[in-house]
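Asker: Quick one: structure below, then a few questions.
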Amino acid sequence: MQRETIGNGAKILLTLGLLLAPAAPADANDARKQLAFEVVDRNAQQMTDVSDAIFYFGELGMQEFESTKLLKDTLTAAGFKVELGGAGMPTNLWAEYGSGRPKIVIVTEVDALPGGSQTPGTYERKPLVANGPGHMEGHNTHGGVASMAAFAVKQVMQRHNIPGTVAISFGPAEEQLASRPYLVRAGYFKDVDAIILLHIRDTLATGFGVQNYAAISSVFTFYGKTAHGATNPWEGKDAVDAIQLMDIGFDKLREHLRPTYRAHRTITVGGIQPNIIPDKGQIWWFVRDASMPAAKETYDKLLKIAEGAALMTGTTWDVKYAASAWPQLVNKAIAEAVQKNIELVGVPQWSEQEQQFAKDFQKAAEKPVVGLRTAPVPLGGRTQAASSNDNGDVTWVVPAGSVNFPSSVPGIQYHEWKAAVTPVSSISHKGQVAGAKVLAASIIDLLTTPELLQKARAEFEVESKKTPYFSLVPPDAKPDLELNRAEMEKYRGELTKFHTGKTPRFN
Ligand SMILES: [Zn+2]
């Protein structure tokens, strides 16, 4: 129903848009982009100060309090209207400038990962805080790049009297796929014309089509009856037996699933000691596939297996939805516009020292020694990845583009401490400048070219209807605000001594 409303509303507004704001000639558009680039260059230090500060906060998903406070302060001072705490999540940040349509939103995140603490610049294992959390994917860079690009667009909108709205959605806890379905449900994207997904990568790139995988994350708990393992085991009902049977049951199913599926689990409660029959057992599953209907089909079978395991052991069970993510559906019309901006901006000029550092790092990490990329990726060369991002949900309700910027070293895998070596390096900083420029220029295109929005919408209407969106979030589900809280609080104090103390201001 919501999608219907969005579709019709957008059509009406696009028609109005065509009457009110004819497409800017290419040269005028270039002047706008040149102004955006000047703003980014002038504020490069301020932008990377934002990203660096977030790196040292090292905050886990749903606990991004210091990161979002810094972003709120920076964006408020930069003239944005900022809402913190929407959709029932204290660290959910939405910032916007302007009013009405077209409305273009940058969708990104700033959370870190458990165990990711690492001293920047050294590729020997050396945590800043032992066992502490840290940015071993580089989401900290998203804070600076998104804020900077939106600010540059704002300056251009003011100077050139461009109508519309530019916004940023920093969603909490991307690393656990925990927030975007709630943002969609809360209606944040219902009056939006297009979004751009922003993510760090080792190259300047965009793409189109279905880019990654659907995922469903749920926790299954079995309840039995405890007894002494030797004296009266016949009186016990073993909840961990149910978990094992669930595991075996799923392994039998594997042969009959599509080759595209992925399923993995971890046992989170597995008993106490051998002579106590466990009355509680818990297993946490991720089920994935190339499309959400396919993932859901496997997930429904998993529910049946749980039921069977309970029946065999005389236990009872329940399942708690933890998270879900649709695959990202990225729009070709927007990708073509983004690609032109990628070619306009170009890959950063790396210094000899930066190239040498990257090569030494790759050698030490036993990866191909290729250095940093010196050319952007051509459009269309990307295949569907098996990873997931909960921003995928948004892409089924609004036409979406994507921008990746070159702030990490090729071959160094995210979610390993090694990826925390470079997010505050000059390599990362240069990549952020390129990313902010491409992002700003692409938003300017979307704000000033009604035909582009119309084309993107038409493509979206066809592609998204092939797999109509449905939410996996149970109607009574609420975001898990306790997620990572205990883990974060263990290290928050120790991390404080690394804080940069900077309060960046854009000008
Ligand atoms: Zn990420």
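The values are calculated or read from the model by the stated rules, or taken from the named source; none is laboratory data. Quantities reported herein were computed from a predicted structural model and do not represent experimental measurements. For neighbour counting, all protein chains shown are included, and Cβ atoms are generated from backbone atoms with ideal geometry for every residue, glycine included. These accessible areas exclude ligands, DNA and RNA; they are computed on the full protein's heavy atoms, side chains included. Shrake-Rupley method; radii C 1.70, N 1.55, O 1.52, S 1.80 Å.
Asker: Scan the stretch 74-130 for GluC sites (Glu not before Pro) in coil per DSSP, keeping those whose Cβ has at most 10 other Cβ atoms within 10 Å, and list them by number.
Answerer: Within the stretch 74-130, the qualifying GluC sites (Glu not before Pro) (loop, at most 10 other Cβ atoms within 10 Å) are Glu124.
Asker: Let me ask another. Tell me the accessible surface of Lys81 in square angstrom (1.4 angstrom probe, heavy atoms of protein chains only), to the nearest ten.
Answerer: 140
Asker: For Val462 and Ala477 in one chain, what is 0.36 nm times their gap in residues minus the Cα-Cα distance, to one decimal in nm?
Answerer: 2.3 nm
Asker: Using a 1.4 Å probe over the heavy atoms of the protein chains, calculate the carbon and sulfur portion of the accessible area of the stretch 89-177 as a whole percent.
Answerer: Answer for the stretch 89-177 is 46 percent, counting heavy atoms of protein chains only.
Asker: Between Asp251 and Ser351, what is 0.36 nm times their sequence separation minus the Cα-Cα distance? Round to one decimal in nm.
Answerer: Separation in residues times 0.36 nm, less the Cα-Cα distance, equals 30.9 nm.
Asker: Run the accessible area of the stretch 332-381 with a 1.4 Å probe and give the carbon-and-sulfur part as a rounded percent.
Answerer: 48
Asker: Calculate, for Lys502 and Lys81, the FRET efficiency according to 1/(1 + (r/R0)^6) with r their C-beta to C-beta distance and R0 30 Å; round to the nearest 0.05.
Answerer: 0.80
Asker: Over the chain, with the other protein chains present, what is the accessible area per residue in square angstrom, probe 1.4 angstrom? Walk me through the numbers before you get to the answer.
Answerer: Numbers: 20540 Å² over 507 residues.
Spelled out: the 1.4 Å probe surface of the chain, per residue, equals 41 Å².
Asker: While we're on this one: Need one value: the accessible area of Asp191 in square angstrom, 1.4 angstrom probe, rounded to the nearest 10.
Answerer: Number for this one is 60 Å².
Asker: Measuring from centroid to centroid over Cα atoms, what is the spacing of the stretch 205-272 and the stretch 27-67 in Å?
Answerer: Cα centroid to Cα centroid, the span is 42 Å.
Asker: Same structure, new question: Using just the alpha carbons, could you tell me how many Å³ per residue the convex hull of the chain encloses?
Answerer: Dividing the Cα hull volume of the chain by its residue count gives 148 Å³.
Asker: Under the rule a/c < 1.5 gives rounded, and otherwise a/b versus b/c splits prolate from oblate, where does the stretch 382-507 land using the Cα gyration tensor?
Answerer: Oblate shape, in that a/c is at least 1.5 and b/c is the bigger or equal ratio.
Asker: Against the longest principal axis of the chain, how steep is helix 426-448, in degrees 0 to 90 to the nearest 10, with axes from Cα atoms?
Answerer: Rounded to the nearest ten degrees, it is 70.
Asker: Right, another one. Could you please state, rounded to a whole Å, how far the C-alpha centre of the stretch 313-358 is from the C-alpha centre of the stretch 117-178?
Answerer: Their Cα centres are 13 Å away from one another.
Asker: Which order do Phe357, Phe80 take when ranked by solvent-accessible area (1.4 Å probe, heavy atoms of all protein chains), largest first? Kindly include the intermediate steps, with their values, before the conclusion.
Answerer: Details: Phe357 55, Phe80 10 Å².
Output order, biggest surface exposure first: Phe357, Phe80.
Asker: In nm, to one decimal, how far is the modelled label at Thr316 from the one at Glu124, with both set 7 Å along Cα→Cβ?
Answerer: For Thr316 paired with Glu124, the spin-label model returns 5.7 nm.
Asker: Hey, another quick one. Using a 1.4 Å probe and counting only protein heavy atoms, arrange Trp317, Trp326 so the residue with the most accessible area comes first.
Answerer: Largest to smallest exposure gives the sequence Trp317, Trp326.
Asker: Pairs to check: Lys237/Lys296; Lys72/Lys497; Lys126/Lys320; Lys154/Lys466; Lys296/Lys320. Give those whose C-alpha atoms are more than 27 Å from each other in this structure.
Answerer: Details: Lys237/Lys296 30 Å; Lys72/Lys497 22 Å; Lys126/Lys320 37 Å; Lys154/Lys466 36 Å; Lys296/Lys320 15 Å.
Violating the 27 Å Cα-Cα cut-off are Lys237/Lys296; Lys126/Lys320; Lys154/Lys466.
Asker: Tilt of helix 44-57 relative to the longest C-alpha principal axis of the chain, in degrees (0 to 90, nearest 10)?
Answerer: The answer is roughly 10 degrees.
Asker: Which angle from 0 to 90°, rounded to the nearest 10, does the C-alpha axis of helix 26-42 make with the longest principal axis of the chain?
Answerer: Taking the Cα atoms of the chain, the angle to 26-42 is about 70 degrees.
Asker: Counting each DSSP H run of 4 or more residues in the chain as -39500 (n - 2.57), what helix-only mean residue ellipticity at 222 nm follows after dividing by all residues, to the nearest 500 deg cm²/dmol?
Answerer: -13500 deg cm²/dmol
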